[in-house]
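Below is one structure; the comments refer to it alone.
The values are calculated or read from the model by the stated rules, or taken from the named source; none is laboratory data. Since the structure is predicted, the reported quantities are computational estimates derived from the model, not experimental observations. Here Cβ is always computed from backbone atoms with ideal geometry, including for glycine, and neighbour counts include all displayed protein chains. Quick note on the areas: whole protein, heavy atoms, side chains included, nothing else; ligands and nucleic acids left out. Shrake-Rupley method; radii C 1.70, N 1.55, O 1.52, S 1.80 Å.
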Amino acid sequence: ADSATVHAVIGMGGVGKTSLAKKISHIVSNIFAGGVFWASLSDVAGHATIILRTWLAICGDDLTDTSSDATDIAGYVRSVITNHVNGTGRALFVIDDVQERWLDTAKIIIDAIPPNCPVLITTRNQEIARTLNAVVYNLNELSSSESFELLSMFVGEKLANQEANTLHALLQELGYLPLAIELAGKRIAIEVQKPSFSVHLFLNTFRTHGPTKLALKGQSGLAATFSITYDALSSHVQST
């Protein structure tokens, strides 16, 4: 094949796509002698040239061409990476947070990857995966029992058992999203040390904060959790 095989982890925001991609990269790094090449499109605002030049640097190449057009240098990048993997072994390429507005960027980056190396992308969009002819892996929200087990890891089994009903209500509000559960669990683990803390109060605070400060569309549970976490910071930390 002339193009690399693409695998896509798909799921809604906060479900843990990036964390899973990082975990996979760590687990399989020992079988990719050429290394793991990571690209977060959100970190570079979708600029392919930044990613390609970074990958060239990893391969020990300093591109003298000052062209800012990623399409123009993609072919050169591919030849350099091909020489790299031929000399060291296959590499894994991860492209995180592929959004519709950055689809062309993802295509350019994939074109710069040798065909014998796998590509792992994360995205919220099924159509993007289809456009890139990707093998799809859907990452859904956790089940109720899985969510409770995850939350228990942060708050402790004793509190989890004592406040099971309230915590299950909280998990439902969180939408069973791993990131939101982690944030809430860590916040509870801190707040539980205070004499005035109660899980019921936390749940009520969560519910009232949802629509206000971080109205992430379609993710009111995640928004409320971020809001509570933000409120717990000092005014100095909030402003920095």
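Evaluate the following for Ser25: is it of a type in the set (S, T, N, Q), over 16 Å from Trp102 (Cβ atoms) and either at pLDDT 90 or above or buried (at least 16 other Cβ atoms within 10 Å of the Cβ) (or both)?
Working: of a type in the set (S, T, N, Q): yes; over 16 Å from Trp102 (Cβ atoms): yes; either at pLDDT 90 or above or buried (at least 16 other Cβ atoms within 10 Å of the Cβ) (or both): yes.
Judged against the criteria, Ser25 is a match.
On the given criteria, is Ser3 out of contact with any Leu (no Cβ under 9 Å at 6 or more places or on another chain), surrounded by 12 or more Cβ atoms within 10 Å (Cβ to Cβ) and in contact (Cβ under 8 Å) with a residue 60 or more places away in the chain?
Details: out of contact with any Leu (no Cβ under 9 Å at 6 or more places or on another chain): yes; surrounded by 12 or more Cβ atoms within 10 Å (Cβ to Cβ): yes; in contact (Cβ under 8 Å) with a residue 60 or more places away in the chain: yes.
Taking the combined requirement at face value, the residue satisfies it.
Yes/no matrix, rows are residues, columns are (1) touching a Leu at 6+ places or on another chain (Cβ under 8 Å); (2) under 16 Å from Ala106 (Cα atoms); (3) modelled with pLDDT under 95:
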position	(1), (2), (3)
Ser42	no, yes, yes
Thr54	no, yes, yes
Gly60	no, no, yes
Leu63	yes, no, yes
Thr66	no, no, yes
Thr71	no, yes, yes
Ala74	yes, yes, yes
Val77	yes, yes, yes
Index of the failed condition, Arg207 passing every other in (1) at pLDDT below 55; (2) open to solvent by 40 Å² or more (accessible area, probe 1.4 Å)
(1)
Checking Cys117 against (1) open to solvent by 20 Å² or more (accessible area, probe 1.4 Å); (2) under 17 Å from Ala8 (Cα atoms); (3) part of a loop (DSSP other than H, G, I, E, B), which single condition isn't satisfied?
(1)
Hey, could you check region 144-165 for residues that are of a type in the set (A, V, I, L, M, F, W, C) and over 24 Å from Gly13 (Cβ atoms) and say which is surrounded by the most Cβ atoms within 10 Å (Cβ to Cβ)?
Ala160
For region 28-49, name all the residues that are open to solvent by 50 Å² or more (accessible area, probe 1.4 Å), among the hydroxyl-bearing types (Ser, Thr, Tyr) and within 15 Å of the chain's Cα centre (by Cα).
Ser42
Have a look at Glu141, Glu127, Glu182 and point out the one that is surrounded by 18 or more Cβ atoms within 10 Å (Cβ to Cβ), in contact with a helix residue (DSSP H, G or I) (Cβ under 9 Å, 6 or more places away or on another chain) and in a helix (DSSP H, G or I).
Glu182
Name the one entry in Asp96, Asp61, Asp69, Asp104 that is touching a helix residue (DSSP H, G or I) at 6+ places or on another chain (Cβ under 6 Å), charged (D, E, K, R) and surrounded by fewer than 18 Cβ atoms within 10 Å (Cβ to Cβ).
Asp61
Output the number of residues of region 166-177 satisfying the condition of being open to solvent by 20 Å² or more (accessible area, probe 1.4 Å) and in a helix (DSSP H, G or I).
4
Which pairs have Cβ atoms under 6 Å, sit 6 or more apart or on different chains, and link a residue in region 32-46 that is of a type outside the set (Gly, Ala, Ser) to one that is assigned to a loop (DSSP other than H, G, I, E, B)?
Phe32/Arg90; Phe32/Ala91; Phe37/Ala91; Leu41/Asp97
